Amino acid sequence: MTPDGCWSGFVANIDNMKPFYFSLSLVLLLGGLPLTVSANEQLAGSWVTDAELSTPLDPFRRVELDIQVEGKIVTIEETFTTGRRNHTETYRIDTSKELNRVPVSWWSANRHIGAYIGGDQVMKIQADWIDEGQTLRLKSDFVLETSQSETPVRTYTEYRISRDGSRLTKLELRSSRNLPIVHVFNRK
Amino acid sequence: MKLVPNAFFFLSSLCFAIGEIQLDMHDAPADYDENEPKSAYLMEFGTQWYMDEDIPDYAMLISLQGLANQSGPLLYFVYPDSWPWKITRPLKEFYEERHNFTFDKLFTPREALQALGSHAKGYVVWDKEVRTSLIVAFTVAGLEDAIVINEDQIPLAESVGLEMLADLRGDFRGMNDAEIYKIAMDRYWDQTSKDIVIWLGGYHNRRMEPGIADYGIYRGAFFTDLSANPKDVEELALHKEILEDMKPQSFVMGWHSYGKDTEGQHVTLTSSYGLRMEGLNSLPNISFNTQIPWTKDFEFKNNHNVEPDEELVAEEKVYLSLIQTDSMGIGAWTKPGRGRIPYAWQILGGHALKFQPASAQYYAESATPNDYFIAGLTGPSYMYPKPIPEEHFWPLMELNKLQMDVLDLRVMEIMDYSEGNRHVGNTDLPKEVVDRYYKAYPDVIGFINGYGAARTFDLRNGVPMISYDYYLGIHRPEDQALADLEELIALNAKRPYFLLIHVRESTNIDRVANIVERLGDEVEVVPLDVFLKLAASNKTYRTRYQEPGDPVDLNDF
């Protein structure tokens, strides 16, 4: 090892390596990084919104996610808090299933507008892992009830984990809304 | 001397009673003459409302105000710009211009005591170590005609010849509020008013904003900030004991304690006894304002845009209407943009007729053609309809109708936080409550429901009940608000679409106008009475009441 640290030594010695030993070294090195097999498990844990970096949360002050990843089952508990009031909605999703039917008691995405979970109060959710397990992707279909009628709505949602596993970014596009919604969470 | 409330002199020949229901009116004498020269004292308050700042002086002065004003409107305070109620300065100018008042300015507590100390019989000392002792001292002040001071102010009080009438130092140390108020009730409750009780809540701990205390002293009321939170078992029991003892349809004035319970818990409880909530704890100068009636030349006239029996026909477009609630005094009336677009303003009958009639005249006379007044909230005061026992509902609504007649109001607004709020649960009305309102108000042109978005809708005999479809918060960024409204318009695809917006208190109108003007030509902003008539013409909204499966948040009850 050189005085500049291990990376300097590694680069300096690359030219002297046989191809086999170079490949072996690379595999061993990458094996130490939190990628692939264990990446989606990084989603697990408790997360709390960073209001500064997020689309406004109002009327709530804080959103927390408690996420469990057990094999193909992802359980997302989403708790909205303001003052003394809070509400928790739970989404249990099987990523191996073509379609998940998740009961929803309460549509929480925008409490400023007169829109409520309608139809059979179920979200139909397709889920998969992308980006080598760094991102959980959900495609949801549900019905919103408004003063006039019930309207089918779809959302595209990604839960993206930062490389170091400390930050979770939830991106959402809703077919009825012109602006995307971005909520940034820090690990509790 | 306690003044006896009198009816408006210019309305005294009219009958404002149905059976035993009578309007609560201001305290001006029957021979009040606005042209007669009057003099009063004026002080300006600063911004240091913490217990270790200027609260001792402010509390003493407010108690002095309550005592002095028992002899007529003698002491008026201008509160700082940051105070929740914004019109103390414009109202003072109104008194000068329309009621021939001349104000002599006082600058220090000593000057105030030298000028008005003779209206007090002595002083009560509150304990600097126990914040709640100051709230108890306000009760003593009204009963004993005492100013409230702490031990540091004794030399000042005695320098103007006042003697100690009560000393609370040491009485309550180590006690919780339930223990303190139990002692206070044992000592004073039998002697205090059963027409009015003061909840001196709001800020807790280090800060206090006792603007309403002058009126409580003026009326000899009991002061407290007991909790309505079921977790506070002992406080809640005392709280209920007080409310049970009040006269029917009497007043709970002030506000709940932010440190103990929620607005929903507090107003649910007062409503369940059929009592009338009049906020806030910071409400200023009521002992002065209640003695100033409307001027003789004034009649409260609303800016109606349609006749009660007029029929309008909606076109295939989006009709949008805006309502500013939370009472006008803490709202946007004095902020930029008023008059730029049609706006409806909730006016509280109790404030307009009893507690501060001149403020209602000030609002009415400064209204632009785009300002339209509606009645609220739920009844003659701030209440929730679902918890009101039916035997109290009807007399309360009769009283409210009397208020609406005098104030020329044709739209009734309803709000219910007993099973939720704008965040969780619901703010909707079951069919039986809607039935009651239609029966109680045969002459209104429409009902409004909600605070945040709600989904109680109806149309009967050309009278719609419309819930808010949107809540515009104070801090909602304009781009997000625009996206919210565009989303609602997309989700409600039929035309006409009737989009009713609640604008939260201090949001200024220029901001609101900037948002709605970006919605495009399909959207027309219309006055609320026009909106309701149009909504009656083409019912594209579905009849809906609160349903058994709707989310409920019971405030921990």
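Quick note: the coordinates plus some simple rules give every number you see, no bench work behind them. Predicted model only: the values in this text are computed from it and were never measured. Quick reminder, even Gly has a Cβ in these numbers, built from the backbone with ideal geometry, and neighbours come from all protein chains shown.
What shape does the stretch B:201-244 have by the C-alpha gyration tensor, where a ≥ b ≥ c are the square roots of the eigenvalues, rounded means a/c under 1.5, and otherwise prolate means a/b greater than b/c and oblate the rest? The shape class here is oblate. Taking label points 7 Å from Cα along the Cα-to-Cβ direction, B:MET164 and A:GLU132 give a separation of 8.0 nm. Using just its DSSP H runs of length 4 or more, each adding -39500 (n - 2.57), chain B gives a mean residue ellipticity at 222 nm of -9000 deg cm²/dmol after division by all residues. What are the GluC sites (Glu not before Pro) within the stretch B:116-177 that DSSP puts in a loop, where the Cβ has at most 15 other Cβ atoms within 10 Å? The qualifying sites are B:GLU129. Short-range pairs are left out: with C-alpha atoms under 8 Å and at least six residues apart, the relative contact order of the stretch B:39-289 is 22 percent. Note on the stretch B:318-537: Cα-Cα pairs beyond 22 Å make up 48% of the total pair count.
Size descriptors for the stretch B:39-289: radius of gyration and Dmax over Cα atoms are 17.2, 52 Å. Using the alpha-carbon positions of the stretch B:321-422, Rg (one decimal) and Dmax (whole number) come out as 14.0, 44 Å.
For the stretch B:24-120, trypsin sites (Lys or Arg not before Pro) are listed when DSSP marks them as loop and at most 16 other Cβ atoms sit within 10 Å of their Cβ; the list is empty.
Where the convex hull is taken over the Cα atoms of chain B, what is its projected area averaged over directions, in nm²?
24.2 nm²
Let me know the volume per residue of the alpha-carbon convex hull for the stretch A:37-155, in Å³. Spelled out: Cα convex hull of the stretch A:37-155, divided by residues, is 114 Å³.
One equal scatterer on each Cα of the protein assembly as shown, no solvent, Debye formula: the resulting log10 I(q)/I(0) at q = 0.07, 0.09 Å⁻¹ is -0.57, -0.87.
Antiparallel DSSP bridges in chain B: what percent, to the nearest 5? Can you show the working numbers first?
Working: 10 of 68 bridges.
Counting DSSP beta bridges with both partners in chain B, the antiparallel share is about 15 percent.
Provide Rg over Rh for the stretch B:165-316; use the alpha carbon set for both Rg and the Kirkwood Rh (inverse mean inverse pair distance).
Taking Rg over the Kirkwood Rh, I get 1.12.
Taking every DSSP beta bridge that has both ends in the protein assembly as shown, the antiparallel portion is near 55%. Averaged over the residues of peptide B:468-477, the number of Cβ atoms from other protein chains lying within 10 Å of each residue's Cβ is 4. Taking label points 7 Å from Cα along the Cα-to-Cβ direction, A:ARG62 and B:GLN114 give a separation of 5.3 nm.
Sites listed here are GluC sites (Glu not before Pro) in the stretch B:21-57 whose DSSP assignment is loop and whose Cβ has at most 16 other Cβ atoms within 10 Å: B:GLU53. Here the relative contact order of chain B, from alpha carbon pairs under 8 Å that lie six or more residues apart, stands at 15 percent. The share of Cα pairs per 5 Å bin across the stretch B:369-457, counted from zero up to the longest distance, runs 3, 14, 26, 26, 17, 10, 3, 1 percent. Extent along the principal axes, Cα only, for the stretch B:148-245: 46, 31, 25 Å, with the longest axis given first.
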